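Contents: one structure, followed by commentary.
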Amino acid sequence: MWKPFAPLLALVSCSAGLNILLTNDDSWASANIRATYNALKADGHDVLLVGPAVQQSGKGGTFVLPTTNITEPGGEFGSVPVGAPYFGQDSQNGDLFYFNGTPAATAVFGIDIIAPQKFGSAPIDLVVSGPNEGQNNGPFVFTLSGTVGATYTSVERGYPAIAFSAGNSTHRSFMTLTDDASDPANLAAKVVADVVRAVANGVNVTKQRLLPLGVGMSVNIPTFGPDANCSAPPLRFTRLTGGAVVDQISINTTSGFPISTNLEATGVNANINGVREDPGETPTSAGCETAVSIFSIDYDAPERLALPIQQRLALAIEASEF
């Protein structure tokens, strides 16, 4: 259900716990994000959900704003009618919004337009993205995932942010949610609430950030639950590199067309930063553990690697080769 922008001013309310902006790339109507909204609210947080009107998986950090109102076939799972405004609010819950843009744009729309109406002058303490319907492991997928794209875009804007991705990858409507604790969406939501609680433990957000400036987290939850060989997966600290894969291309001998397969390449697994003792998140979340990786958005190479290259270039410059 939706309603347009007009009632926004009614959103201002007293906060409890953290002020959280919740978003994703699988749409505002997905079971995972609605279960997570419920879990975070139950933990006492003030939660504003702003998700894409339709599924936007694989968009990475692309920033595309709407230029029309909602077009065919409408919002995901029939959640928004054709012709509705490009963003709107749930008619029964004023904390739930859709926006017809990419995940990164949706997060920023939430930050700049809707959150000030929800939280007033109070800041957003944390941006939570996901849980995605499927895992997002390794640096290669890091650049492709809309869930992670919304996260690092929020980090770039100066907000602590965490991406959550779940191995239970079924794309389903929030209308299919049950009260069963073993429902995969509820299981993923519990992990989100548990991690947020742990990150916030002992932190006074009026005096201290939940995460350092320019730093975010990516959490990959394994496939678990009643239909999997895994229950209550423990958290394990990981790094993005280590067992990560990229695409390689070959030619299908039958069709003659190119196909892609996974390659555990050396470049994507170069351990330049991060804690060397930590395992890679890809093999970790393939088992029965939840991988927790901490990333930064400083893309500059470390000084120890950059300086020798600069010195070689400096010699060439001095020799008037440029």
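The values are calculated or read from the model by the stated rules, or taken from the named source; none is laboratory data. Small disclaimer: the values here were computed from a predicted structure and weren't measured. Note that we place each Cβ from the backbone using ideal geometry, even for glycine, and neighbour counts take in every protein chain shown. Surface areas here come from the heavy atoms of the whole protein model, side chains and all, with no ligands, DNA or RNA. Shrake-Rupley method; radii C 1.70, N 1.55, O 1.52, S 1.80 Å.
For the subset of region 223-235 comprising residues that are open to solvent by less than 40 Å² (accessible area, probe 1.4 Å) and in a strand (DSSP E or B), which member is farthest from Ser293 (Cα to Cα)?
First, pick out the residues of region 223-235 that are open to solvent by less than 40 Å² (accessible area, probe 1.4 Å): 224-225, 228, 230, 233.
Still in the list and also in a strand (DSSP E or B): 225, 230.
On the way: Gly225: 22, Cys230: 21 Å.
Restricting to residues being open to solvent by less than 40 Å² (accessible area, probe 1.4 Å) and in a strand (DSSP E or B), the top hit is Gly225.
How many residues does region 265-300 hold that are of a type outside the set (D, E, K, R) and more than 21 Å from Val148 (Cα to Cα)?
From region 265-300, those of a type outside the set (D, E, K, R) are 265-275, 279-280, 282-288, 290-297, 299; that's our starting set.
Among the residues that remain, those that are also more than 21 Å from Val148 (Cα to Cα) are: 265-266, 287-288.
Here the count works out to 4.
Regarding region 111-121, can at least one residue be identified that is modelled with pLDDT under 95, within 25 Å of Thr266 (Cα to Cα) and polar (S, T, N, Q)?
No: zero hits.
If you go through region 217-256 one residue at a time, how many are over 17 Å from Val275 (Cβ atoms) and of a type in the set (Gly, Ala, Ser)? Quick ask: steps written out before the conclusion?
Here is the first cut: in region 217-256, the ones over 17 Å from Val275 (Cβ atoms) are 221-234, 245-256.
If we keep only those that are of a type in the set (Gly, Ala, Ser) too, we end up with 225, 228, 231-232, 250, 255-256.
Qualifying residue count for the region: 7.
Which pairs turn up if I take residues in region 176-192 that are in a helix (DSSP H, G or I) and look for partners that are open to solvent by 70 Å² or more (accessible area, probe 1.4 Å) and at pLDDT 95 or above with beta carbon separation below 8 Å, at least 6 apart in sequence or on another chain?
Ala189/Asn38
List the pairs whose first member sits in region 124-139 and is without any contact (Cβ under 8 Å) to a residue 12 or more places away in the chain and part of a loop (DSSP other than H, G, I, E, B), whose second member is open to solvent by 10 Å² or more (accessible area, probe 1.4 Å) and of a type in the set (Ser, Thr, Tyr), and whose Cβ atoms are under 8 Å apart, counting only residues at least 6 apart or on separate chains?
Taking only residues 6 or more apart or on different chains, not a single pair turns up.
I'm checking my understanding of the structure. Among residues of region 77-95 that are open to solvent by 10 Å² or more (accessible area, probe 1.4 Å) and in contact with a Gly (Cβ under 9 Å, 6 or more places away or on another chain), which one is farthest from Asp25 (Cα to Cα)?
Gly83
List pairs: first residue in region 232-247 and without any contact (Cβ under 8 Å) to a residue 60 or more places away in the chain, second residue open to solvent by less than 40 Å² (accessible area, probe 1.4 Å) and of a type in the set (Phe, Trp, Tyr) anywhere in the structure, Cβ distance under 8 angstrom, at least six positions apart or on different chains.
Within 8 Å, the pairs are Ala232/Phe224; Pro233/Phe224.
Would you mind telling me which numbered condition in (1) within 21 Å of Pro233 (Cβ to Cβ); (2) in a loop (DSSP other than H, G, I, E, B); (3) among the hydrophobic types (A, V, I, L, M, F, W, C) Leu144 fails?
If we test Leu144 against (1) within 21 Å of Pro233 (Cβ to Cβ); (2) in a loop (DSSP other than H, G, I, E, B); (3) among the hydrophobic types (A, V, I, L, M, F, W, C), just (1) comes out false.
Looking at region 178-189, which of its residues are of a type outside the set (Gly, Ala, Ser) and surrounded by fewer than 18 Cβ atoms within 10 Å (Cβ to Cβ)? Can you show your working first?
The first filter runs over region 178-189 and keeps only residues of a type outside the set (Gly, Ala, Ser), leaving 178-180, 183-184, 186-187.
Those that are of a type outside the set (Gly, Ala, Ser) and surrounded by fewer than 18 Cβ atoms within 10 Å (Cβ to Cβ): Thr178, Asp179, Asp180.
Does region 50-62 include one or more residues that are among the charged types (D, E, K, R), loosely packed, with under 14 Cβ neighbours inside 10 Å, at pLDDT 95 or above and at negative phi? Explain how you work it out, then say what you get.
So the first thing to find is which residues in region 50-62 are among the charged types (D, E, K, R), and the list is 59.
Add one more test, that the residue is loosely packed, with under 14 Cβ neighbours inside 10 Å, and what stays is none.
Checked region 50-62: no residue is among the charged types (D, E, K, R), loosely packed, with under 14 Cβ neighbours inside 10 Å, at pLDDT 95 or above and at negative phi.
Condition test on Ala181, is it within 20 Å of Gly44 (Cβ to Cβ), of a type in the set (A, V, I, L, M, F, W, C) and at pLDDT below 95? Write out each step before concluding.
Numbers: within 20 Å of Gly44 (Cβ to Cβ): yes; of a type in the set (A, V, I, L, M, F, W, C): yes; at pLDDT below 95: yes.
So Ala181 fits the description; yes.
If a residue must be open to solvent by less than 10 Å² (accessible area, probe 1.4 Å) and under 19 Å from Ser296 (Cβ atoms), how many such residues does region 96-148 contain?
The qualifying residues number 10.
Pairs under 8 Å by beta carbon, first residue modelled with pLDDT of 95 or more in region 294-322, partner open to solvent by 70 Å² or more (accessible area, probe 1.4 Å) and among the polar types (S, T, N, Q), six or more apart or different chains?
Listed pairs, sorted by first residue: Ser296/Asn273.
Quick check on this structure: which one of Val205, Val219 is open to solvent by 20 Å² or more (accessible area, probe 1.4 Å) and in contact (Cβ under 8 Å) with a residue 40 or more places away in the chain?
Values: Val219 fails: open to solvent by 20 Å² or more (accessible area, probe 1.4 Å).
Exactly one residue qualifies, and that residue is Val205.
Please state which of the following conditions Cys288 fails to meet, knowing it meets all the rest: (1) touching a Pro at 6+ places or on another chain (Cβ under 9 Å); (2) more than 22 Å from Ile162 (Cα to Cα).
Unmet for Cys288, out of (1) touching a Pro at 6+ places or on another chain (Cβ under 9 Å); (2) more than 22 Å from Ile162 (Cα to Cα): (2).
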